[in-house]
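S.K.: Can you read through this structure? Questions will come right after.
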Amino acid sequence: MKPTELKNDIYWVGAVDWAVRDFHGYETPRGTSYNNYLILDNDPTLIDTVKHDFADTTIKNIKTLIEPSKIKHVVINHIENDHATSIDRIMALAPKATVYMTERARKALDRFFDMSGWKVKIVKNGESLNIGKRTLLFLETPMLHWPDSMVTYVKEDKVLFSQDAFGQHIASSARFDDEFVTCASMWELEDAVWDYYANILMPFGQLIKAKIGEIVKAGLEIEMIAPDHGIIWRKDPGKIIQMYLDMAAGKATQSVTIIYDTMWQSTEAMTQPLARGVNDEGLDCKVIKLRATPQSVAAKEFWKSRGTLIGSPTLNNLTFPTIAQFLANLRGLRPKNRLVGAFGSFGWGGGAVKEIYDEAKKLGLAVFEPGLQVLYRPSLEDEARCYEFGRAFATKVKEYHATF
Ligand code: FEO
């Protein structure tokens, strides 16, 4: 994609990765983009780089706007590989540039590159840099989502370069929110935000709330949010800020997700009457067969719904491996304010339902007990029990949801 002007003399010069489906083990069914930005001021300034595979793309984009050797400053908001691993290529073309980053970023980037020949300036929270007609303000955002992270605010243009925060894994020819909702939809954009937040930022809700509070307190006016992935928020940046505040506060939809796997379709057979029961209590129900669905999508759907029924057959006295992986993923993501119920078929000893509840309790999640187990294959009576269990769970979800 060619450079795109965000504001007068501020350009997106990044790359769209239409093909990536495995993003360090996190599935990205929509692809992604690596966004970096060039500000053409008295001192031309590059904000972030891109994943190393796309170095040629961003260099080509930069060259359409300026001879790279004229870049005076390179700001590294975040050193993760998808954003900082083209910096060696950039510095080879702009050897006189000064690189701005946090101390923790320097210590980390030092492990990837020989930086001995680079001019590096360590910046601290609240420091500024004048680049001509504009002043950049650096705000450290440690653990959002890595220790090195910071964001950069351009006072004159009221643009926040937010690195991963407020981003989404979307590959699109649209650069801005208003363009994307025309060629796709607001639902898809919001869904991608939920996905990104659930899989990357969920553990950091309290930090997110605090950092947004700091920005509000500092009185920074924000007209545009330009993240390092996906769509740039220019029509309604307040929308994504409110979405983040809501998600950080544990917002969910009053709905149920059923996430399951199955060996011989017995646990699967339970999902139909369960979903009918949920529906008959007036709640929307999404059913996800985990083996056929990316774990990242399951994590997002878990996070979107107030209640989730997790279903697993018992294998060697434990949960099925895909369900065990899902529970392990949740352990790292540390979700809050969600209700979990468990179900599954077993042949002799059982164990999966208990393990699901044990894991949910370790996470501090609310649980709907006892769970529902059927021996081998659900009979007609078992199907009726499943239906009633779905209804009862939905009723509990409504009660629980009303407490938020
Ligand atoms: Fe997009 Fe934390 O990297």
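The values are calculated or read from the model by the stated rules, or taken from the named source; none is laboratory data. The structure displayed is predicted, hence computed values, not measured ones. All Cβ positions, even for glycine, are placed from backbone atoms using ideal geometry, and neighbour counts span all protein chains on display.
S.K.: Quick one: how many residues across the stretch 369-391 are part of a loop (DSSP other than H, G, I, E, B) and not aromatic (Phe, Trp, Tyr)? Before the answer, list the steps.
M.R.: The first filter runs over the stretch 369-391 and keeps only residues part of a loop (DSSP other than H, G, I, E, B), leaving 376-379.
Those left that are additionally not aromatic (Phe, Trp, Tyr): 377-379.
Residues that pass the stated criteria total 3.
S.K.: Also: Return the pair list, or none, for Cβ contacts closer than 9 Å from residues in the stretch 73-87 that are in the same structural domain as Ser128 (by TED's automatic domain parsing) to residues that are in a strand (DSSP E or B) and near the ligand (Cβ under 10 Å from one of its atoms), at least 6 apart or on different chains.
M.R.: Asp82/Phe23; Asp82/Thr32; Asp82/Tyr34; His83/Tyr34; Ser86/Tyr34
S.K.: Only residues in the stretch 226-241 that are in the same structural domain as Thr28 (by TED's automatic domain parsing) count as the first member; pair them with residues that are part of a helix (DSSP H, G or I) and surrounded by fewer than 21 Cβ atoms within 10 Å (Cβ to Cβ), Cβ under 6 angstrom, at least 6 apart or cross-chain, and list the lot.
M.R.: Qualifying pairs under 6 Å: Lys235/Asp178.
S.K.: Any residue in the stretch 157-178 that is free of Cβ contacts under 8 Å to residues at least 40 places away in the same chain, out of contact with any Leu (no Cβ under 6 Å at 6 or more places or on another chain) and surrounded by fewer than 22 Cβ atoms within 10 Å (Cβ to Cβ)? Before you say what the answer is, go through the steps one by one.
M.R.: Residues of the stretch 157-178 free of Cβ contacts under 8 Å to residues at least 40 places away in the same chain: none.
No, the stretch 157-178 contains no residue that is free of Cβ contacts under 8 Å to residues at least 40 places away in the same chain, out of contact with any Leu (no Cβ under 6 Å at 6 or more places or on another chain) and surrounded by fewer than 22 Cβ atoms within 10 Å (Cβ to Cβ).
S.K.: Kindly indicate whether any position in the stretch 311-333 is under 27 Å from Met247 (Cα atoms), among the charged types (D, E, K, R) and crowded, with 20+ Cβ neighbours inside 10 Å.
M.R.: No, every residue in the stretch 311-333 fails to be under 27 Å from Met247 (Cα atoms), among the charged types (D, E, K, R) and crowded, with 20+ Cβ neighbours inside 10 Å.
S.K.: Let me ask something else. State all residues of the stretch 210-238 that are in contact with a strand residue (DSSP E or B) (Cβ under 9 Å, 6 or more places away or on another chain) and either at positive phi or surrounded by fewer than 16 Cβ atoms within 10 Å (Cβ to Cβ) (or both); if no residue qualifies, say none.
M.R.: Hits for the stretch 210-238 are Glu214, Ala218, Leu220, Glu223, Gly230, Lys235.
S.K.: While we're here: For the stretch 96-147: of the residues being among the acidic types (Asp, Glu) and farther than 29 Å from Ala198 by Cα, which is surrounded by the most Cβ atoms within 10 Å (Cβ to Cβ)?
M.R.: Quick first cut of the stretch 96-147, residues among the acidic types (Asp, Glu) only: 103, 110, 114, 127, 140.
Next, only the ones that are farther than 29 Å from Ala198 by Cα stay: 110, 114, 127.
Working: Asp110: 13, Asp114: 8, Glu127: 15.
It comes out as Glu127.
S.K.: May I ask you to list the residues in the stretch 71-105 that are away from the ligand (no atom under 13 Å from the Cβ), assigned to a helix (DSSP H, G or I) and within 11 Å of Pro147 (Cα to Cα)?
M.R.: Glu103, Arg104
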